[in-house]
Amino acid sequence: MYSRKNQRDLTRTEKKRLVGAILELKRSGRYDEFVSLHRQYYVTDAESRPRPAHMTPSFFPWHRRYLLEFEKALQTVDAGVTVPYWDWTRDNTPAASLWADDFLGGDGRAGDRQVMTGPFAYAEGNWSIRAGITEDRFLRRAFGGRPSAPVTLPTEAEVDRALKDPVYDSAPWNSVTTTGFRNRIEGWGIRGVRGVGNHNRVHRWIGGSMGGAASPDDPVFWLHHAYVDLLWTRWQKAHPRARYLPDRGLAGDDPQRGRIFALDDPMPPWDVKPSQLLDHSGLYRYV
Ligand code: CU1
Ligand code: CU1
């Protein structure tokens, strides 16, 4: 049993140890295996392949397991390290300590959007993108989107609206699902209905490497997803009788059958069921 802390509460030493463990995973090649895995499971609902990770009810449990695997890898380097969370409703400016030189570094520069500060700046020699979706070898960020299409971070009110939804997810169980906690947090926009929301808008606000299938190339990915994981826990506490949905296999004629994962459907690549990931209280807690 260990604790995941709010990143704003980390001491200088804790930040240093976390950064050190991440850099060691990168050096050994294991970090890029995590990025490749995420790319492999970046399946959209326009495809007919199974999609355990995105645009799908198992968005929360799949990423919970993915974070646990990463955290386990970090702990093989430094047993005292855990993944902190970033509450982007609160630490919501480029001046937040998260982006300081002693932690994740800051925004990308104008032009090529290359991150020039902090331990993950290319010139530091420890962070070369090998599993990206562009040819660039450097980490890129573009806080706030383009001037022509600015992006803001989600507010506490927007998160609260999602937390109030008493239903976990609903048909058609994909990116155009209009009600339910899952897509309110995952945040796929629907033309004419609503804009890009919570989780997805954070990816867009950071921009650059965080924008696509290889988003774990930016280490802030883990802190973002730890907060998303915490929001799932908060939703469960707010709705103790609510269930993960779908809680049984879909009907034979349902177009999503074989493509999404019900409560007891084993998810690749770990063969773990959402039902096995509903409760993290025996493993870690959020403080
Ligand atoms: Cu993801
Ligand atoms: Cu994400």
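A few remarks follow.
- Where a residue in the stretch 1-21 is within 14 Å of Tyr227 (Cα to Cα) and its partner, wherever it lies, is assigned to a helix (DSSP H, G or I), with Cβ under 7 Å and at least six apart: Arg4/Ala226; Gln7/Leu98; Gln7/Leu223; Arg8/Ser97
- Test result for Asp78, touching a residue at least 40 places away in the same chain (Cβ under 8 Å) and surrounded by fewer than 18 Cβ atoms within 10 Å (Cβ to Cβ): yes
- Matching residues, the stretch 260-287, being more than 15 Å from Gln236 (Cα to Cα) and of a type in the set (Gly, Ala, Ser): Ala262, Gly282
- Tyr85 being within 16 Å of ligand 1 (Cβ to nearest atom), in contact (Cβ under 8 Å) with a residue 12 or more places away in the chain, surrounded by fewer than 22 Cβ atoms within 10 Å (Cβ to Cβ) and not hydrophobic (A, V, I, L, M, F, W, C): no
- Qualifying residue in the stretch 223-238 (condition: away from ligand 1 (no atom under 16 Å from the Cβ), without any contact (Cβ under 8 Å) to a residue 24 or more places away in the chain and surrounded by fewer than 17 Cβ atoms within 10 Å (Cβ to Cβ)): yes
- The criterion of at least 3 residues that are closer than 23 Å to Tyr227 by Cβ, in contact (Cβ under 8 Å) with a residue 24 or more places away in the chain and charged (D, E, K, R) is met by the following helices (runs of 4 or more DSSP H) wholly inside the stretch 95-214: 156-164.
A short reminder: the numbers here are calculations on the coordinates, not readings from a lab. Remember, it's a predicted structure, so these values are computed and weren't measured experimentally. Here Cβ is always computed from backbone atoms with ideal geometry, including for glycine, and neighbour counts include all displayed protein chains.
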